Each structure stands twice: as structure tokens, then as C-alpha cells.
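The values are calculated or read from the model by the stated rules, or taken from the named source; none is laboratory data. Computed from a predicted structure; not experimentally measured. Counting neighbours? That spans all protein chains shown, and the Cβs are built from the backbone with ideal geometry, glycine included. Only protein heavy atoms, including side chains, enter the accessible area calculation; ligands, DNA and RNA are left aside. Shrake-Rupley method; radii C 1.70, N 1.55, O 1.52, S 1.80 Å.
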Amino acid sequence: MRLELQKITKQFPGVLANDRISISVDKGQVLGLLGENGAGKTTLMNILSGLYRPDSGKILIDGKERVFRDPAQAIEAGIGMVHQHFMLVPVFDVTESVVLGNEPTKGPLGSFDRAAARAQVVELSKKHGLHVDPDAKIESLPVGVRQRVEILKALYRKSDILVLDEPSAVLTPQETEELFEIIRGLAKGGTSIIFITHKLNEVIAVADKITVLRRGAVAGETTPKKATSAKLAEMMVGREVQLTVDRSRAKAARTILDVDRLRVLNDEGKLVVDDVSFEVKSGEILAVAGVQGNGQTELVEALTGLRATDSGTIVLDGVDLTNVSPRKVATAGVAHIPEDRNRDGMVKGMTVAENFILNSYHLPPFSSGGVLNRREIALAAERAVKDFDVRTPSIDTDIANLSGGNQQKVIVAREFSRGVKLVIAAQPTRGLDVGSIEYIHKRIVEQRDAGAAVLIVSTELDEVLALGDRVAVMYEGRIVGILDSKQATRERVGLLMGGIQK
Amino acid sequence: MSAKSAKSIRKGNVTTSKASNKRTQVAPDGLSVEAQKGKARARVRAFVFSVFAVLSGVMASGIWGVDGKFSFWVDKVGGTEVSFTINVGLIWLALTLVFAVMAVRQFFNGAAFRWRRAIGLAAPLLVFGLLARLLDGTTANLTVFLTNTLSFAIPVGIGAIAGIVAERSGFLNIAVEGKLLVGALVGSVVSSITGVAFLGPIGGAISGALISLFLAILGLRYKVDQIIAGTVINIGAVGITSVIFQRILQPYREFNNPVNIDPIRIPLLSDIPVIGPILFSLSPYFYIALALVLFFTYMIFKTRWGLRLRSSGELPSAAGTVGVDVIKLRYRAMLIAGLLAGFAGTFISLGGTGGFAENSSAGKGFIALAAVIFGAWNPIYAFGAALTFGMASSAASLLAGLGVKFPPQILGSVPYVVTIIVVAGLIGRVRGPASAGQPYDQG
Amino acid sequence: MSTMRKIGRALKLPALSMFVAFLVGGVFIFLTDVEMLKQLTSNPLGAVGAGLGRVGAAYGALLRGAFGDPATYGDALASGGDVRVWTRAVRPLVESVVASVPLIFVGLGVSVAFRTGIFNIGGAGQFAIGALGGTTAALLFGAGVTPAPVAIVMIMLFGIAGGALWAFIPGFLKARVGASEVITTIMLNSIASQLIFFVVMNSEFIQQEQRLQPVSKELSKYVDIPGILPIEALRLDIAFPIALLTAVAVSYFLFRSTKGFELRTAGLNLAAAKYAGIGASSSIITAMLISGGISGLGGALVVVGMAKQLAPGVEGSVGFTAIAIALVGRTRPSGVVATALVFGFLQQGGRLMQIETIIPIQMLLFVQALVIAFIAAPDLTMQILKNPFRGLSRRSPNSKLKGVS
């Protein structure tokens, strides 16, 4: 079937997520949808799967307009989704997982016709070369096989259009290669495929046609034959530099942070930080670039004591900080601006002042003998609010009532108000307005100039290029290159982010 | 977001869920952490069983030759009594053997050993052994003992099915107690007014469904924490039933004079000596309960409805993304749970006590929760748990009736203590529906 | 002015919830009025009028029972300074305060756990075991074994220890193995009542001398908890000021101490607590120990000072009511005290209502359940106020606002 999206537009409060996006995929074709984080891929997919409805624009299937009110209608129209986070019940077996929602039944009670279901699953998996044991429990299967189950789910529903969202994110290179085989086979059988990714070599390897999204709009269309990695990278990350930070050159001195051969596992036990070594000197900013989900989150968690390391060492100014508590990390002189401020960085329901002392409440002058010193807290909080230009009615206001920019300023104020040797800032400006972004950048550079070592982790290429004295790029858990700011061009960094090394 | 995280604490798995300090998931011998824990628990069970075996052995040798006297009614309840005597030591010897076999098999088969079933065999023996020991020569009528066991197990067992259906759909159902109470009251009133025996249970069931619907609306539409919502029902039920009882049923006895649902004698079968009176002259509730247990076990594990129900309780987004209407499914499950719990409640007022009494659910709804957990959210196992709890309770009343000095509170606490041990995961992990208690937002 | 407005806003939802709950309660009384129903066909208007009148009479009795009768106040005023008449006039008022004392304790205890994000519904069991501890201490240290003040201190300590122990079990299990505190506290409530029954039946030390009934010895023979009012007939004892002091202490602990800061952080956002270096396990166990300790202290003081005898069912419905109080009082110590006083007045008033109008006091449980429901689902309250029949019908106004993450 031919699927066409015409001028799809979707506005969220403050963000134009999809701006007149038009894409199309023909029967048996593989469309590679390439884009950075926040380029609008996920929103587009949610529109396609019936979770969101577009503000304007049309969805055409074989030339006929379709409107999806819920996922069931999208499924009925022949669109099958393979979500990045698998929608599989861990305690079900493969057969049950595949047929859930469209189960064959028999008898008056609606008995689940297991034999029939199993036969269909076996037949489908044979037909498409998707090898799975129909009786295996999902929780006992490796992720690569779980993904096959997800694909079988879509095929079982007679999907003619298969959408795969970052399907290789959870796979090993070998599993990815197998996935490509499957995709090629399905396309040959007439299934239309939309393959969403940020990995350049993947689209080149598997797509028939490539559409690149940037900042919610289509940045270009091409084919693997015509495209080069360099060109794709440029389309994906753009050319213009928007952010500039007024700053002098770094005067890098002694090493503050020394990370050696660090390995970290994620919650599922997968190796996501793989043999990473780097150092950050006092008076310099090392910016870590990379698309979300390439191990940066776990790297920061390991550095700040929130996640145990598997092996390797973390040394701060001669002190071993490997696998110590977050409190030890903080008292050793590390300021941590967390990636998800709503989750980790602040406590909604508490006041600005209370959030200001979130990780120093136990230290003098904020408390002594287990009793909080309210006057000192108020004084320090008032001072911080003034120093960091936090717009709040008072320090006793619930932080939940502040704007995102002001919330982040409270966090920055808290972290920079302690003796700081190392700043770890993860996505420090995500979701903020321009004014706040500039302000926070300025304060970070100030910290560097005052002699702190600064580690910034950001998926925003502009931010990385504007701030980094050196730029490290993470890809699939490894640091694939560390560039000096002069060498760090958009193109080179973009290529590295997409997994192409020269 | 913050409200959600606050909820997640409430849910219970604060420290264990994805604790950040898990070093490695896979141990040197290639077993996952979970499998290792399972193995450890299997060892703990093996140890517990061997301790029981040794204790039973000591008991057997200590009282070898002491007579345990039991009696049955041969022809009908209250009819000719036939008693028999058994060497109590023999019972304990049998127990020693059973526990020894369990310990050995548990040790060598590890987590694969079906220990719940084995306990099902050992528990009655243990109860009889203890009884015989405590009775110390007094004759105990087992027909009465078994009937009492069943009277306890019927409301608890059916209430447990109600809990299972709700929780399998993802709704944490701590309100079984309240629904039992309301069902008992309404059943009695409807039966009294209409004078038609079978309308009582039906009325009670419907009242339970209505209460359950209110609970579902609070939890699913208004997203009230399901525990708070359940608490509302439990308190409210005590209030409503007490007021109606004192204002209407007490002064106007005609509203609390129901047609009792008496035991029925199944023709021919009930004439079989000994087992006839025990198995085939029982309250119709018992046969219905058995049918419900089998029916719902089949429905939950063998039908399309059950598959969707379980997926909704485990990972509702998995069901939602393939087009299952999770919210509607949960509403329906709550209605069914309400029907069941209300029906179970009617046994309390119609099953032979001659009407409703205040607070007559007497914590049976909470014991039903215990049976749900002990039975691992499986109706058959849960009913087995209800029977075991019932034996403990009727053993207490049997002993009291015979004047044996043994505090009934110890036996009365058995279900609660056992549940805490099970929830603590000491002897075996029970895995409930993963998403029970969490609200679900449909796209 | 602005603080007044703030208080007003804070009171709005609880006040509205109480109001609607009593409204619905009134409808319930009206509908269960058999006299009214009987005459409904023959004389509908008269029946409804009489029925409504009886609802009014019930609530009138409730108020008089809680605050005292205006007529006796009048007599008292007229009598000038006659102590006996005055005593009679204010006795309902004092008794209402007495009734609120256990509610303050358990409400505070439950609130500390709620603040930490733990749903401790074991207040009843912790209260009961505290009462057992207090009884034990009274029998051990009372009757002149130690000086009276020492005995009273021991009673309090034993009560705290009992309640804390009963709360430690679920706290430990939750912190260590993630066992749901909801299930464990429910089970421990039942075990506690079995245990009380057991000791008052079987313990020679505790059971009354004749050993006829399941009650303990007369505790007033061992310890006399001093009253705080100069007139003996008004039986308000030091438990009340201790309850108020406890509230102050809890408030100070929660909002002024570092440990309290940790508990509140863990309760609001566990991820942020970890980020701030606050241990989840220790927060849970600490919160439960404090929570249970406070409920246990209440149990000890109430059983020794007011009930004067340990008997099965000593906890009554205090566990349920405490949950309502914690929710209505927004888990703030000041709110909890205020709400507990209101509920205490209701309970006392309910006794007169039961005597005068034969409407059972359990009616208040129904009202409490509604209050909890309305507080937990504010949308429902608003809808019932706007249109009583829409609240439970198909669409809720906020259904469109459901967030998609």
C-alpha cells in the first residue's frame, strides 16, 4: 500500500513539533526517516498510530484520506507499529503476545484457540523468516527476539505499512544486521516500511528513499545512491550556528576529572557505557555530544554516584569517586545539573528555599545538630534568587509554580553556590526559553573562568559547539572522537553522532 | 510527574525496583539474579520442610500409641454417629514422611517443585495431627468440623475470586470486606421482602456490583488512589449497613427474616455412608462456589477475555496499543468482582444464620485478600487457601466446643501471619499483576 | 488579610467536602426513615415534611451533643457562678475534646507516614498494641511500685515502643524486600486485635481477677492519670495537652529538622531524594517508627486514662477515622488537630443523636467515607454541588485534559 502524509502540522504548547511535514512511502519501499532528537519523528509517528491527531494535514492510504481517532483504527487501516519500548507482557508467551487483541476463539465462552493461534504464529514466522519459539515466555527472550515478536504482532494484524521507531537502539550490531535482513525480506514481500533512526549508515544500508527531518520540518529528500554520509549529516544537523557564547579561550591547567576505562550497565543489564576514558581539566569545558540514548545518561549517573559502575575508575582531583554515594560526590565538590529536572533536580511541593538546600540541608550553616536553621536558609536563598535572577514571588513559593527557566535557575544556583571543582551539566537548557538559555550558558562559562572543570552533556549540537572547548562524541556507549573546538565542525560532529568515523 | 512518582512509592517497590546499586545482572554461574533468588528461596523452603519433618518425627515418637478419636455422621447430619480410633502417632508418622519427601524434592528440584500443591496435601494432615494431639482422647465429630470449614471457606473463597478478577485487570481491590457486608445486608432484605429464596443472593450480588461500580468510578474516572477508594468503600459499608440495620432491620424484624438457603441433599449420592453427609448434603453455595472456582480459572487462563484481562493487569499499554479498551475492560472486571463479592456476602446472612447481623463479615474480606495472595492470584489455589484458613478457624471452634483449652486466637491469626510471610517473599515469591493499583491513561 | 485568604482557600475543599458529605448523609437518613416511607403513599407531603424534620432533629441533636444544649447554658448563665450547673452545661463540650484525643494521636501518626509516601493503614493495630504496652506498664509500675509520675512516663514509653514495634514490621519489610505496606498493615491490624483478645483471655497478669470476661484488670486501681480541669466530673486528662504537644513536636520535626526534611523529600519525589543523597530505606523505617510510636502513645494514654481497661476492640474505628483526618487535614499537624477536633465533636454529638433520634452513631462512618471520597476526588464534589445527577454520569469535565506522555 502507498502511504502519504500531506503537510502534517502539530503544535504543542510552546513547540511546533511538526511543521507541514510531507512524506510518502510506496508499496514494498523502505523509507528511512532520519533526524536528530527533537526533529519531530516521534510526534509524527504518534500521529500515524492514532495516538495524536494532527492540527492540519492529511493522511492518505492508497490515495484515500483516512482519519485515525484511536490506535485501533490505525491498526485496522493496516499500519503496524514497532515501538522503541516494546509493548509486550513479560509473563505471556510468544503466541499470546502476538495475537493479543485479535485472538482466534472457539466455543461459547470465547475460549482462546491456542492451537490455531500457535499455528498462525508458526506459519507467519516461517513465511517471513522471523525465527521465534512460539511457546517461549517473553521475559526469557533476548531483546532482539522480542523485537521480532513485535514485528510478528504487526504482521499478524495484516499490516501493510510497518513503522519501526529507532529499532536498532536496543540491538547488538549482529542483531541489527539480522533486522535489516528481515526488513529487506518484508519489503520484497510488498510491505511498505518506515524506518526511523538517527544513524546515517543504517539508512544508507537499508532504505530505498531517505527523508531527513530537522526542527519539525522536512530538511530534504534523497536516495542512498545519491546521498553521502557527509551530506546527510549536514541535512540532519543543519548548517547555521545560532548560539554563540561570548567567551575567551580556555586556560586549561591541571586535570580535575579523570575517567578511566569506565563501563556501566543500564537497568536491563545491557552495557551502555563501553570502555570510556577521558579527562577534564580545570578551566575547560568538555562538551559531550550525541543523540539521546547513546549512554550519556548512564555516564552522568555513574559519575554522580546514582548508578553503580561495572568496571573502571572515576577520580576527582586525586580522590577516587568510583561507586561512592551521591552525597560523597557532592561534598567532594561536584555540581550536578541533572538531565531531567522534574524527576531528579527538584521537589515539587516544596518551596524555592527548600529546593535551594536540597542537597546541602545537612551541612552548616543550613542546619546544626539535626535542626534546620531557617534564617540562614532564607538569607542564602534570598541571595541566590537575587544573584541568579530567579523570578519568583518569594522564596516560600512552591517551585512547581515557577516557569521552567526559573526552576532551572534555582537548580543552577543551588549547585553553583557550593565550592565547585567540577560542574556536570546534563541537558542544562532543555526546554527553556532563549533568555534563560543564554543566562545559564553565561553562568556555566563563569564557572569555567573561575577555574572549575566543566562537563556538559547535550544532545543539542548548537549548545555543544557553542560551549565546548573540546567536544567528545558518544555513539553506542563509546566515545568515538574527542575534537578540539577548532576541529569540531558541525559536519564532523554530525558524522560522528550518526556513527560514521573517518 | 511528581504525583506519579509519589504514587510509585506508595505502590510498594521503593527500594527493590531497579535499585541503582545492582552491580551485575548475571552471576558467574550464568543464572539471572531472579533465578538465583528463586534458588535461595527454594533452599529456605527445603530447610523449613525438613524442620517440620524432624518436629513431626519427634511428635510421632512422643505420642505413639495415644488414641485419636474421630466420629462421622453416617446417614445424615445429626443422625447416627460412628466413631473410629486411630493411633495419633500414625498421623504424625505420615506427616514426617510427607515433609521429608517435600524437603528432599524441594532441595533437588529447586524452584521447579510445586510446593503449593504439596502444602495442600500436608496442611489437612497437619491440622488433623494437631487436633488429635490436642483432643487427647476426646471424640471429635469430623462432619461438623468439615461443615464449619466450608462455611468459612465459601465467603472467603468467592470473595477471593472477586479480588483475583479485579486485580488481574489492574485494580487493587481491598474493598472485598465492604462488599461482603453490603451483600449480606441486601441479600437478607431482598429475601425477606420477596420471600423468594433465590432472589436474596441475586439482590446481594447486584448490590455488590453497584458498590464496585462506585469504586471503579472513583479509581478509574477520578483517578483516586485505589487504596483510598477501597478504604472509602470499607468504611462506608460499615456505616451504611449499621444504620440500616439499627434503623430498619431491628425495629421491623420482617425485613430481616430471610428465607434461609439450607443445605440440599443430592439424591442418591447423599445416601452414601460417611461421604454422603460430608460431600453431598451441603449448602448449594458450596457447589456454586466450586463451579465458580472452576469457571473463573478457565475464564482467566483459557479464554480471550482472560488473556486481555491479564494483559491489562500486567502491562496495560500492551493491550491499549493493540486496540483493547483497557478502561472499559477494568470497569467490567470491577462489575464482575462486585457481583461475586456481593454474592459471597449473602452466604453470611442466608447460609444458615437466619439473617443479617452487624459487622457480620468479621474480617472475612481481608482474609479473602490473604487467600488471593497466598493463592498467587489463581482461583483454585486461592480456594485451597480459603479451605486451609477455614480448617484453622473450625479447628479453633471445635476445640473450644469440646472444652479443650487452646486459645482460638492463635489459629485465628494463621491467615494473617501466613500472608505477611508470603508477601515478605521469605518462602516463595508471589508475583501479582504488575500494574495493579496504577491508573492508566488511555491516549 | 492575605493570610486570612490563604487559610480560607485551604479550608475551602475540606469545608465543602464536609458540607456535601453531611448533605448526602441527610438524604441517607431521610431515605432510611421507615415512618416516612410508610406514609408516603397516603400523605406524601406530610411524610416528606416529617421526614425532613427528623433529619433536622438528628443534626440538631448532633450539634447539641457536641457543644452542649443552649438551654443548659442559659441555666448556667442564670445561675451565676453555680459550678454544678456550669459543669453540666459544658460537659458535652469537654467530652467532645476527650473523644478527639485518640483521633489526634493516630491522625498525626498516619500523617507522618503519608508525608513520607507510605500508606500506613495500620494505625488501628499500632494504637491497639500501644494500648497493650500502656496496660502492661500500668500493671508493672503502677499501684505504688514506682512514684506516679514515673509510672506515667513508663506507660507512655511502653505505648510508644508497642506502636513503633507494630509499625517497624511493615516498614522493615517494605524497605528490605519491597513488601506492600498496605497488605502487611491490614494483616497486622487483624493480628493485633487477635493478640489483644488473646492476652485479656489468657494472661493472668493482664486479665481481670475473676477471669470471667475478656477484659483487663481495672487500670484505675493502678495508675491515676491526672486530669487538667479542676472539676472531677469533667474528665479531660493530660493526654490532651500531650496530644497537642505531640502535634507541635511533629510539626517541628517535619518542617524544622533535617530528618523531617529528608522524609518529606522522599515522600514527594523519591528520585530527587536519591539525587540529594537521602536513603530511601532509612527514611521508610524512620517514618514508620515515628508513625507507629505516636499512634501507640495515643493507645497507651487513652486506655489507661479514659477507657481504664483494656478490652478487645479498644481501637474501635480510630484507624479508619485517622485516615480521613489525615486526608482532610492535608497531613499538616495543625490541620490534623483541627480536623480531629471536628471529628471528635461529631463523634460526641453522634452519641446524643443516637440516644434522641435512634439514628446510629455509625452514620458518621458513612459521612467520613464520603468526606474521604470528596477530598480525594475534588472534581466529584464540584459536580455534585453543581448538578447532583451528573457527578456519576458519563463524562467528566476533565476527561479532555488527560495528559499523553
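Here are the numbers for the structure shown:
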| read-out | value |
| --- | --- |
| Scan of the stretch B:184-201 for residues that are away from chain C (no Cβ under 14 Å) and surrounded by fewer than 19 Cβ atoms within 10 Å (Cβ to Cβ), ordered by number | B:194, B:195, B:196, B:197, B:198, B:199 |
| Within the stretch B:267-363, helices (runs of 4 or more DSSP H) holding 2 or more residues that are surrounded by fewer than 23 Cβ atoms within 10 Å (Cβ to Cβ) and within 11 Å of another protein chain (Cβ to nearest Cβ) | B:284-302, B:304-314 |
| Single match in A:44, A:34 (criterion: assigned to a strand (DSSP E or B), open to solvent by less than 10 Å² (accessible area, probe 1.4 Å) and either under 15 Å from residue A:218 (Cβ atoms) or touching a strand residue (DSSP E or B) at 6+ places or on another chain (Cβ under 7 Å) (or both)) | A:34 |
| Residue list for the stretch B:238-258, restricted to those being of a type in the set (Ser, Thr, Tyr), within 26 Å of the chain's Cα centre (by Cα) and at the interface with another protein chain (Cβ under 7 Å from one of its Cβ atoms) | B:242 |
| Residue within the stretch B:387-404 that is in a helix (DSSP H, G or I) and more than 20 Å from residue B:144 (Cβ to Cβ) present | no |
| Residues that are farther than 17 Å from residue C:121 by Cα and within 7 Å of chain C (Cβ to nearest Cβ), drawn from the stretch B:220-237 | B:221, B:222 |
| Which numbered condition residue C:281 fails, given (1) within 7 Å of another protein chain (Cβ to nearest Cβ); (2) open to solvent by less than 30 Å² (accessible area, probe 1.4 Å); (3) among the polar types (S, T, N, Q) | (2) |
| Enumerated helices (runs of 4 or more DSSP H) restricted to the stretch C:163-272, each holding at least 2 residues that are crowded, with 20+ Cβ neighbours inside 10 Å, over 22 Å from the mean Cα position of the chain (by Cα) and within 14 Å of another protein chain (Cβ to nearest Cβ) | C:181-202, C:258-268 |
| When residues of the stretch A:393-406 are limited to those that are surrounded by 18 or more Cβ atoms within 10 Å (Cβ to Cβ) and in contact with a strand residue (DSSP E or B) (Cβ under 9 Å, 6 or more places away or on another chain), the one farthest from residue A:342 (Cα to Cα) | A:395 |
| Of residues in the stretch C:19-44 being farther than 23 Å from residue B:246 by Cβ and at pLDDT below 85, the one nearest to the other protein chains (Cβ to nearest Cβ) | C:41 |
| Unique residue being open to solvent by less than 60 Å² (accessible area, probe 1.4 Å), under 20 Å from residue A:428 (Cβ atoms), in contact (Cβ under 8 Å) with a residue 24 or more places away in the chain and among the polar types (S, T, N, Q) when the list is A:266, A:294 | A:294 |
| All positions within the stretch C:152-162 that are surrounded by fewer than 24 Cβ atoms within 10 Å (Cβ to Cβ) and either without any contact (Cβ under 8 Å) to a residue 60 or more places away in the chain or among the small types (Gly, Ala, Ser) (or both) | C:153, C:154, C:157, C:161 |
| Tally, over the stretch A:149-205, of residues that are basic (Lys, Arg), open to solvent by 40 Å² or more (accessible area, probe 1.4 Å) and either touching a His at 6+ places or on another chain (Cβ under 8 Å) or at pLDDT 90 or above (or both) | 2 |
| Residue within the stretch C:338-353 that is among the hydroxyl-bearing types (Ser, Thr, Tyr) and either surrounded by fewer than 20 Cβ atoms within 10 Å (Cβ to Cβ) or touching a strand residue (DSSP E or B) at 6+ places or on another chain (Cβ under 8 Å) (or both) present | no |
| Test for residue A:132: is it open to solvent by less than 40 Å² (accessible area, probe 1.4 Å) and in contact (Cβ under 8 Å) with a residue 40 or more places away in the chain | no |
| Residues of the stretch A:461-482 satisfying the condition of being within 27 Å of residue A:266 (Cβ to Cβ) and open to solvent by 10 Å² or more (accessible area, probe 1.4 Å) | A:470, A:475, A:476, A:478, A:479, A:480, A:481, A:482 |
| Test set (1) touching a Pro at 6+ places or on another chain (Cβ under 6 Å); (2) open to solvent by less than 30 Å² (accessible area, probe 1.4 Å) - residue C:291 fails condition number | (1) |
| Matching helices (runs of 4 or more DSSP H) fully within the stretch A:325-414 where at least 3 residues are on the phi < 0 side of the Ramachandran plot and within 11 Å of chain C (Cβ to nearest Cβ) | A:326-331 |
